[in-house]
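Asks: Could you have a look at this structure, given as C-alpha cells, before my questions?
Values quoted throughout were computed directly from the atomic coordinates according to the rules given, and no laboratory measurement underlies them. Since this is a predicted model, take the numbers as computed values, not measurements. Don't worry about glycine lacking a Cβ; one is built from the backbone with ideal geometry, like all the others, and counts go over all protein chains shown.
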Number of protein chains: 2
Amino acid sequence: MRDVSIIGVGQTPVGEHWAHSLRDLGVEATRAALADAGLERPDALFVGNMVSGLLCQQENLATLLADFSGFPGIEALKIEAACASGAAAVRVAQLAVASGAHDLVVAVGIEKMTDLAIDGVTSALATAADADYEAAHGVTFTALNALLMRLYMERYGYTRADFAPFVITAHENAVTNPYAMFRETVTPEDFLNSPMVAEPISILDSSPVCDGAAAVVLCPSDRARSFTEQPVKILASATATDTIGLAPRKDLLWFGAAYESAHRAYRQTGLRPEEVDFFELHDAFTIVSALSLEAACFAERGQGVRFAQECHIHRNGKLPICTQGGLKARGHPVGASGAYQIVEAVNQLRGHGGPNQVANCRVGMAQSIGGMASVAVTHILGV
Amino acid sequence: MRDVSIIGVGQTPVGEHWAHSLRDLGVEATRAALADAGLERPDALFVGNMVSGLLCQQENLATLLADFSGFPGIEALKIEAACASGAAAVRVAQLAVASGAHDLVVAVGIEKMTDLAIDGVTSALATAADADYEAAHGVTFTALNALLMRLYMERYGYTRADFAPFVITAHENAVTNPYAMFRETVTPEDFLNSPMVAEPISILDSSPVCDGAAAVVLCPSDRARSFTEQPVKILASATATDTIGLAPRKDLLWFGAAYESAHRAYRQTGLRPEEVDFFELHDAFTIVSALSLEAACFAERGQGVRFAQECHIHRNGKLPICTQGGLKARGHPVGASGAYQIVEAVNQLRGHGGPNQVANCRVGMAQSIGGMASVAVTHILGV
C-alpha cells in the first residue's frame, strides 16, 4: 500500500450562489486545487455529492465535471455517503493512489442546494434516512437530531444554553475566513433568542442550506515534493457505518460509526487522541458536535458539551475545532462539507490558517458524518 | 498492487418486482454472493446504483444495504456512473482490495425502477445526460440513440432490419437463463413489426425498465483458493470518460470512452481483442451493441452490424455476446447491469454457463456504458 499525500487544495466560497451552477462550482474548486498543485490534468477524478440528482436533475456528475474541467477521457466516478460524500470521495481517491492504479487524483466534494424551495431540500436530505421506516413517517433530520438533543439534555442535566459555545466558536472562527458563509459573531443572547426549528433545536443550532465545492489533489507521498514544498500526508483514512435508522440502536446517544471510523484511523496511525492537534468535526447541529467529541474519544460520555464550555475547542484551546467556521458558519453544502474539512485541515498543517492558525500543529483530524451518524469517514492528516 | 480475484457471485431474477423493495433485492444478491464464497461478513461493501434517490427517495444506500445485509459497521459507499454504476462499484472494490485496505469486499449493483410511472423513470434516466444543455430540451436517451442509429444507417448503408440479429441472439440466450426477464425468442418479423419509440428505434431495439441486483465478492488472488476451487481473476479494470454531451464530439458514431476503457484494459493485460473468448457488452439499444463492438476493436468501423449478421455473436460464434440475454432480454436495471455482466462472465469462466456455456472459454470481457457512452467501465476476467 503506497503512502498518499495531498499536494493541492481548492475551494469556492460557501453561500447562496444564484449565479453559479453545480458545474461552475465543481470546476472552480477542481481547477483551483490543480493550480495549487501546479498540475494541468489529473489521472482520475472522484466526485463526492449527495443529492445532485434530486436537486439539480444531474447524475453522471463525475463525467460532467471531468468534461467541463477540461479533461474528458480520465477515469471519473461519483461517490455517495449522504452528508459524508465529500470525505468519501477523498477516501476512494486515497484507495486509487494507494493501490498504484493512479498517480495524480483529484477528489472534489460539491453540492448545489439553493435551486429548489426549502421543503424540497428538506425532503431531499431526508433520503439519507431509511426511506421506508423513517422518512416515510415525515421525520426530518432536524427532528431526529432534536430527539437526541432532548435526550442528551435530560440524561446529562444540560440546558439549551449550554450548547452555545459550539455556535459562538464556529461563528468567531468564520469571521476571518473569506470562504465562509456567515462571517459574523453571535452572542449567547442571539443563540438563546433564535427561533425554534424543532425544539430544542433552534435555527442557530443548525447548519445552513447552501452551495459550494472543495477539492484536493492526491499523489504518492514519494512524489509529493516534486509538486509542492508543503505536502500533507494522509496518515489514516477510514469509513465505518452504523444502523441507518435510529430505532434499532442500543444507545441513541452513541455514534458507533463515528467511534469506529475514528478508531480505525487511530489504529492506522498508532496515534492517540491526545496527539491530535485540532479536529474538523461535523457540526451539522450542536448536538452532533457534542456526540462527535465523545465518539472520537476527545471527551468522556456526557462531557462533550462541558468540553466546549471549558473553552477547549477555541483556537487556542487544547483541541481547536471547526477552525474556519465549521458546518455551522463556514456552511454545509452537504456533499461538499467533508472535502471542505480536509482542505481546511491541509491549510492549517501548511501554516495557511490565516488569523485562525492553530499554533505548532502537526496532526489534524477531519471527520465527516452522514445520515443519523449512520456513516462516518475519518481522515488523520500530518506533516 | 495486489492481484484481485472474484470468489463468489449472486443475483436476483430481473423483472418487475412489485413485491420486493430496493433493499430486498440488494440484500438478496449480496447474501447470495457471500454464500457462494462461503463467507459470513465482508470487510467492505461498494454499492453501484444510479437513481435510487429519484426513484425510491433513498440515498445513503450503501449504509442501508450494509445494515440490512447483517453487517452494519463495515465500510460502505455508493458509487455512481450512470448506467455503468454496477461495474463502477466493482472497479472501486478492486481498488480497495488491490490497495491492501481490505481483503474481503462485496460489490453489488442494484436498481429498483418500477415503483414510479414510466414518464418519471424516463426523466430520471435523462439525468445521465447534461441537465442544462441536453435534458433541458426534452431529449431522452431513446431519442439520442435514435439520432445515432439513423446516422449509422445513412453513413454505412444499413436498414432497420439489419439490426435484428442483436435482438434475436439476446432473446435466444435468455430463454434458458432463469434470472432473465424475457425468456422467449423473437423472430425477424417480430422485430420489424415492433412499435416505434423514437424512429428508427422500436420497442425491440430497446432494453426494458426493470428491477434487479447482482453482486460479486472480491479478495486478493493469493487467498482466493481458500474460499473456492473456482476463483476468477480480474485481469483488468478500467474506467474512461468522454464529453457528457453528444454535440461537442467530432464523430458522433465513435464511442471514445468505450474505446479508451477497453484499451486501458487491453494494456493492463497484454491481451489483444482476438484473445477474448466472449464479450458481455452494453446492449441498451441495438445501435449501442454495434458501436460497442467497434469501440472495443472486435469489428471495423461501420462493421458492427455486419459482424452480428455474420453470426459471430452467437454462442458458438467467434465472439459470443450477451451470453445470458444481455441488457435487452436478461433486462437492464440500470445501476445493476454492469454487475450482472460480471456475474455472468464469472459463471461462463467457471463453466456455469448452463445451456449457453461458451466452450473452452478462458478470457471474458465485460463492458458497461453510462450516459451517451460518456463513461465506460471495462473488466477483463480470466481463469
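Asks: Against the longest alpha carbon principal axis of chain B, how many degrees, from 0 to 90 and to the nearest 10, is the axis of helix B:164-174 turned?
Replies: Approximately 30 degrees, to the nearest ten.
Asks: Write down the Å³ per residue value for the convex hull defined by the alpha carbon atoms of the protein assembly as shown.
Replies: Working: hull volume 101.8 nm³, N = 766.
Hull volume over Cα atoms, normalised by residue count, gives 133 Å³.
Asks: How charged is the neighbourhood of B:Pro72? Take every other residue with its Cβ under 10 Å from the Cβ of B:Pro72, and add Lys/Arg as +1 and Asp/Glu as -1. Please list the in-between numbers first.
Replies: Details: positive: A:Arg249; negative: A:Asp242, A:Glu260, B:Asp67.
With Lys, Arg at +1 and Asp, Glu at -1, the neighbours total -2.
Asks: Among bridges DSSP assigns within the protein assembly as shown, what percent are antiparallel (round to 5)? The partial results should precede the final answer.
Replies: Values: 75 of 105 bridges.
In the protein assembly as shown, approximately 70 percent of DSSP beta bridges are antiparallel ones.
Asks: Check A:Ala236: other-chain or 5+ apart residues with amide H under 5 Å from its amide H, H built from backbone geometry?
Replies: Residues meeting the amide H criterion: A:Ile380.
Asks: Explain nothing, just compute: Karplus ³J(HN,Hα) = 6.51 cos²θ - 1.76 cosθ + 1.60, θ = phi - 60°, for every residue of the range A:107-123 in order, whole Hz, x for Gly and Pro.
Replies: Calculated HN-Hα couplings, in order: 10, 10, x, 8, 8, 10, 10, 9, 7, 10, 5, 4, 5, x, 5, 4, 5 Hz.
Asks: Just to confirm my numbers, what's the Cα centroid distance between the range A:101-142 and the range B:228-252 in Å?
Replies: 28
Asks: Taking only C-alpha pairs under 8 Å that are 6+ residues apart, what is the relative contact order of chain B in percent? Intermediate results must be reported in sequence, preceding the final value.
Replies: Numbers: 958 pairs, mean separation 100.9, N = 383.
Result for chain B is 26 percent.
Asks: Between B:Ile203 and B:Trp254, 0.36 nm times their residue separation minus their Cα-Cα distance comes to what? Mind dumping the intermediate values first?
Replies: Values: separation 51, 0.36 × 51 = 18.36 nm, distance 2.39 nm.
Full-extension gain reported as 16.0 nm.
Asks: Identify all lysines with a Cα-Cα distance to B:Lys112 below 18 Å; exclude those on the same chain that are fewer than 8 residues away in sequence.
Replies: Within the straight-line limit of under 18 Å, B:Lys112 reaches these lysines: B:Lys78, B:Lys328.
Asks: Using only the alpha-carbon atoms, how far is helix A:256-269 inclined from the longest principal axis of chain A? Give it as 0 to 90 degrees, nearest 10.
Replies: Approximately 40 degrees, to the nearest ten.
Asks: Quick query: amide H of B:Val197 versus all other amide H atoms, modeled in the peptide plane; which residues come in under 5 Å with a sequence gap of 5 or more or a different chain?
Replies: Placed amide hydrogens put B:Ser202, B:Ile203 under 5 Å from B:Val197.
Asks: Roughly what % antiparallel, to the nearest 5, for the DSSP beta bridges in chain A? The partial results should precede the final answer.
Replies: On the way: 36 of 51 bridges.
Once the DSSP bridges in chain A are tallied, antiparallel ones form about 70 percent.
Asks: Restricting things to Cα coordinates, could you compute the convex hull volume per residue of the range A:79-153 in Å³? Don't jump to the answer; show the numbers that get you there.
Replies: On the way: hull volume 10.4 nm³, N = 75.
Per residue, the Cα convex hull of the range A:79-153 comes to 139 Å³.
Asks: Can you show me the helix-derived [θ] at 222 nm for the protein assembly as shown, built from DSSP H runs with n ≥ 4 at -39,500 (n - 2.57) apiece and divided by the number of residues, rounded to the nearest 500. Intermediate results must be reported in sequence, preceding the final value.
Replies: Working: 28 runs with 278 residues, N = 766.
After summing the helix terms and dividing by residue count, I get -10500 deg cm²/dmol.
Asks: Largest first, please: the extent of the C-alpha atoms of chain B along each principal axis, to the nearest Å.
Replies: So the extents along the principal axes, rounded to whole Å, are 54, 44, 39.
Asks: Something else now. Using a 10 Å cut-off around each Cβ, can you sort B:Asp67, A:Asp251 from fewest to most neighbouring Cβ atoms?
Replies: Working: B:Asp67 25, A:Asp251 10.
Ordered by Cβ neighbours within 10 Å, fewest first: A:Asp251, B:Asp67.
Asks: On to the next question. Which of B:Ala296, B:Ala84, B:Ala131 moves the most in a Gaussian network model of chain B with Cα springs under 10 Å?
Replies: B:Ala131
Asks: Taking only Cα atoms, what is the 0 to 90° angle, nearest 10, from helix B:85-99's long axis to the longest principal axis of chain B?
Replies: 40
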